[in-house]
1. Just for the range 313-344: of the residues that are basic (Lys, Arg) and within 20 Å of the chain's Cα centre (by Cα), which one is farthest from Leu88 (Cα to Cα)?
2. Find the residue count for the range 296-319, including only residues that are closer than 23 Å to Asp355 by Cβ and among the basic types (Lys, Arg).
3. Return the total of residues in the range 126-137 being surrounded by fewer than 21 Cβ atoms within 10 Å (Cβ to Cβ) and either touching a Ser or Thr at 6+ places or on another chain (Cβ under 9 Å) or within 14 Å of Phe156 (Cα to Cα) (or both).
4. From the residues in the range 128-143 that are under 23 Å from Ile53 (Cα atoms) and either in a helix (DSSP H, G or I) or polar (S, T, N, Q) (or both), which one is farthest from the chain's Cα centre (by Cα)?
5. For the range 142-161, which positions are surrounded by 18 or more Cβ atoms within 10 Å (Cβ to Cβ) and either within 27 Å of Thr99 (Cα to Cα) or free of Cβ contacts under 8 Å to residues at least 12 places away in the same chain (or both)?
6. Any residue in the range 207-235 that's in contact (Cβ under 8 Å) with a residue 12 or more places away in the chain and under 10 Å from Ser91 (Cβ atoms): show its pairings with residues that are outside any helix (DSSP H, G or I) and small (Gly, Ala, Ser) at Cβ separation under 8 Å, as long as the two are six or more apart or on different chains.
7. Pick out the one residue from Ser67, Ser63, Ser55 that is surrounded by fewer than 21 Cβ atoms within 10 Å (Cβ to Cβ), in a loop (DSSP other than H, G, I, E, B), of a type in the set (Ser, Thr, Tyr) and more than 18 Å from the chain's Cα centre (by Cα).
8. Testing Arg288 on (1) surrounded by fewer than 13 Cβ atoms within 10 Å (Cβ to Cβ); (2) over 30 Å from Ala86 (Cα atoms), one condition comes back false. Which one is that?
Amino acid sequence: MDSTTVCSPADKRARDSQSHVGVKSSRNEGPRASAAALLHQLYGPIAGPLQEIESLFCRELQSSHGSLASVLSHGTQLGGKRLRPAMLLLSGAAVGPLTQDHVVLGTVIEMVHTATLVHDDVLDEAETRRHVPTVNHRWNDHTSILLGDYLFAQSFRLAATLPSTEACRMIGEAARRVCEGELRQVLLRDALDLDEETYLSMLGGKTGELCRVACQLGAKASCGNDDVIEALGNYGAAVGIAFQIADDFLDLWGNDDTVGKTLGTDIGQGKMTLPMIRFLQTASPHVRREVIGILQGPVDGRLRKVLPLLNQSDAKAYTLAVAERFQQQAFAALDRLVPSEARDSLTAIGRFAIDRRF
């Protein structure tokens, strides 16, 4: 990968002479008493630029047509933790100074991510996301689809304001792979013979890809060398996959109030996730037939009927072990970076990916 496609030597000299976006150092050394306190700890080194991304995101979701104000404003509330722009900023800060380009790129990444969430909620017929009513529930499916399209269009318009077209190409390719991963999952619903390799490949697209490109773009915009850019991309992909495996785990063994959505959604929609894949591969023929009958039967009660059988298997422990394997891959990728507060935060995000209590 040629890192000069985004940041040439001339760009580097020019940026080194500019006053860059301030990076604030703020650490919360106390116990993780709340989600807000934990996120403050994770994002402390890039608190200032992350707030600039939040402001730019809100400004970009505005229209001269007053009738759109409520739905566009609602769209800014759905992204949750702002994990991807934070990873972009931290990757950049771990390599060099942050600039306004990082703020623009982080906003673009969050727009793409939010667009996929809005579309996902239509596919999942979801009523809430992170305790907030989904667009399709508060308005309708048509509004959701168009809002997602609006976000995609705005993201590429904003990316086109950057000096290089390389970022547009990378984000476009990432968006394509995310949609490809989602499309594969939709087409493989109720595929009870889905194997683990195919499942992980889908996760690499639908979740890992946007995290990968976020970290790469952050490093590129700070003029990182090719090895560091590749390492941070590997880190992002591994964290994204670990995060999604943890989500699939929480869909079965989480808590409605803390996860922010109804449990058992995946089973209800015929999505084969790692716990079920492992269970069906290792269950006795008799138990496997029983579970397949449940999964092919009425949606109501599937989780209640399947969960006791899952709990008698190693599916729970196995799923966590696979998530931890990707977590360790992410940690290993960070060995390429010099010690810094930003690297510490990236490590903490890797831990957070599978150790969530909310």
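1. Across the range 313-344, the extreme among qualifying residues is Arg325.
2. Taking the range 296-319 first, the residues closer than 23 Å to Asp355 by Cβ are 307, 310-311, 313-319.
Retained after the next criterion (residues that are among the basic types (Lys, Arg)): 316.
Summing the residues that are closer than 23 Å to Asp355 by Cβ and among the basic types (Lys, Arg) in the range 296-319 gives 1.
3. Taking the range 126-137 and keeping what is surrounded by fewer than 21 Cβ atoms within 10 Å (Cβ to Cβ), we get 126-128, 130-133, 137.
From what is left, the residues that are either touching a Ser or Thr at 6+ places or on another chain (Cβ under 9 Å) or within 14 Å of Phe156 (Cα to Cα) (or both) are 126-128, 137.
Residues in the range 126-137 being surrounded by fewer than 21 Cβ atoms within 10 Å (Cβ to Cβ) and either touching a Ser or Thr at 6+ places or on another chain (Cβ under 9 Å) or within 14 Å of Phe156 (Cα to Cα) (or both): 4 in total.
4. Applying the filter and picking the extreme gives Val135.
5. Selection gives Tyr150, Leu151, Phe152, Gln154, Ser155, Leu158, Ala159.
6. Ser222/Gly96; Gly224/Gly96; Leu232/Gly224
7. Values: Ser67 fails: in a loop (DSSP other than H, G, I, E, B); Ser55 fails: in a loop (DSSP other than H, G, I, E, B).
Of the residues listed, the single one that is surrounded by fewer than 21 Cβ atoms within 10 Å (Cβ to Cβ), in a loop (DSSP other than H, G, I, E, B), of a type in the set (Ser, Thr, Tyr) and more than 18 Å from the chain's Cα centre (by Cα) is Ser63.
8. Just one mismatch for Arg288, condition (1).
The values are calculated or read from the model by the stated rules, or taken from the named source; none is laboratory data. This structure is a prediction, so every number in the text was calculated from the model and none was measured. Note that each Cβ is placed from the backbone with ideal geometry, even for glycine, and that neighbours are counted across all protein chains shown.
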